[in-house]
Amino acid sequence: MKKVLLLCVLGAFLFTPLAAEQAGKEAPANAVSVDALMILLNWYKVSYERRLLDQVSLVGTVQYTPDLLWGIHGYDRVSYFNLAAGGRYYWGSLLKEPARDVSLGAYSKHIPKLFADALGGFYVGLTGTYSHAVIDDTTDNDFVASANAFGVEAELGCKYIFSDKKLSFYLEPYIGGRLLTGSYSYEDGNGNSIDKPNSFNDGISSGVIGGINFGLTF
C-alpha cells in the first residue's frame, strides 16, 4: 500500500510540470483588439474574435467616432457608428508544414507564426455590417443628415502573435473593401423633417478599408 501511495505522489510531481507545460502551449481561443491607426483619426474600433475550428473563427467589431478627424471638416459634427459580424478563414494554416522548413537565418522562427492555425497567421474574412452616420450642418445650412446603411466587408489580414503562450500580444495589419447600400433622412435644427438640402451630397460611402489591430490573445 505504501508503495502505491509513493508511486502516486511521484506521479503527481512528474505530471504537474508536464501538464503546466502543455497548458502553456495551448492555442488561444479568443482575441480582443483595437485599431491603433484609427485612433489618430478620433475613430475607435474594438474587435473580438473566437476560434471555432482549426482554420475558422467568428469575429465581431464595433466602430465609433464622436466627430471624425477631431472636427477638421466642413460641418459642425460628423459622427459614425458601425457594427460588423462574420467569420474568418485562416488559409495560412494550409502551408504550415512547408513553412516550418523555410530557412531564413535568424528570421526562420517568425515564418511559422504567419502560417498557423487560428487564431494566428494569414486569413481572409467576410462580415455583414450596419452603419449609422450623422452629419450636422445646422450652423451654416440648418440641417442634420442621418444615414442608415447595410452591406458587406471583405478583408485580407495577418495576425502575428508575439509568443507561443496562450496569453500573448499580437499585431494584425489588414486591408479590404466595404460595399454599402442605404438612405438618408433630414431634419432642420429644430428636429423637423425636411427635404434633402441641395448643397448636400448624400452618397453612401463604400470603398477601401484597412488598418493595424493591436490586441491580446487568451
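The values are calculated or read from the model by the stated rules, or taken from the named source; none is laboratory data. Here the structure is a predicted model, which is why all the values come from computation and not from measurement. Virtual Cβ from ideal backbone geometry, glycine too; neighbours counted across all protein chains shown. These area figures cover heavy atoms from the full protein model, side chains too; ligands, DNA and RNA do not enter into them. Shrake-Rupley method; radii C 1.70, N 1.55, O 1.52, S 1.80 Å.
Computed quantities for the displayed model
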| quantity | calculated |
| --- | --- |
| The chain, dipole about Cα centre (Lys/Arg Cβ +1, Asp/Glu Cβ -1), debye to the nearest 20 | 1760 debye |
| Dipole moment magnitude, nearest 20 debye, segment 68-167 about Cα centre, only Lys, Arg, Asp, Glu C-beta charged | 900 debye |
| Pairwise Lys count, the chain - Cα closer than 28 Å, eight or more residues apart or different chains | 21 |
| Estimated dipole of segment 124-218 in Debye, rounded to 20 [Cβ of Lys and Arg +1, of Asp and Glu -1, Cα centre] | 780 debye |
| Gaussian network model of the chain, springs between alpha carbon atoms under 10 Å - residue of Gly128, Gly71, Gly60 with greatest fluctuation | Gly71 |
| Accessible area (Å², per residue) of the chain, counting only protein heavy atoms and a probe of 1.4 Å | 59 Å² |
| Förster radius 25 Å - calculated FRET efficiency between Phe214 and Leu52, Cβ distance, rounded to 0.05 | 0.60 |
| Computed helical MRE - 222 nm, the chain, DSSP H runs ≥ 4 contributing -39500 (n - 2.57), nearest 500 | -5000 deg cm²/dmol |
| Rounded Å value of the spacing that divides the Cα centres of segment 88-138 and segment 177-209 | 34 Å |
| Signed unit charges on C-beta, dipole axis of the chain, positive-most listed residue Trp70, Ser193, Ser93 | Ser93 |
| The chain, accessible surface, carbon-and-sulfur percent (1.4 angstrom probe) | 66 percent |
| Calculated FRET efficiency for the pair Leu41/Thr181, C-beta based, R₀ 30 Å, to 0.05 | 0.80 |
| For segment 183-190, Karplus couplings with θ = phi - 60° (6.51, -1.76, 1.60), whole Hz, Gly/Pro x | 8, 10, 10, 9, 9, 8, x, 9 |
| Calculated from backbone phi, Karplus (6.51, -1.76, 1.60) coupling profile of segment 199-210 in Hz, x at Gly/Pro | 7, 9, 8, 9, x, 8, 6, 10, x, 7, 10, x |
| 3J(HN,Hα) from dihedral phi, segment 39-46, Karplus parametrisation 6.51/-1.76/1.60, rounded to Hz, x for glycine, proline | 4, 5, 9, 6, 10, 10, 10, 10 |
| Listed residues Val32, Val134, Val46 arranged by accessible area, highest first, probe 1.4 Å | Val46, Val32, Val134 |
